[in-house]
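These notes concern the structure reproduced below.
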Amino acid sequence: MRHLARLADYCSITNMHTKNLAIVWAPNLLRSKQIESACFSGTAAFMEVRIQSVVVEFILNHVDVLFSSKLSSVIRDGAG
């Protein structure tokens, strides 16, 4: 995730903003067996992928906080 966030830092050169990166990478990072099965098709599959991309975009925009060593120690110690 940090690598993708670093790629977004070069969006002025690559035009790959966090939103674009999330759209491309979300289906791979948050793979859903339901979408891959026959029960999801058309609009339902599109909405599921849309939700995935919003989640990945949020993570990319907050990667420093979500993956900080301080947060990890708070979670590990059970104080959070």
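The values are calculated or read from the model by the stated rules, or taken from the named source; none is laboratory data. All values reported here derive from a predicted model rather than from experimental measurement. No Cβ is skipped: glycine too gets one built from the backbone with ideal geometry, and neighbour counts run over all protein chains shown.
Check every one of the helices (runs of 4 or more DSSP H) wholly within the range 1-65 and list those with 2 or more residues that are modelled with pLDDT under 85 and within 16 Å of the chain's Cα centre (by Cα).
43-61
Can you list residue pairs whose Cβ atoms sit under 8 Å apart, with the first residue in the range 5-23 being within 18 Å of L66 (Cα to Cα) and free of Cβ contacts under 8 Å to residues at least 24 places away in the same chain and the second being of a type in the set (S, T, Y) and in a helix (DSSP H, G or I)? Count only pairs 6 or more apart in sequence or on different chains.
L7/T14
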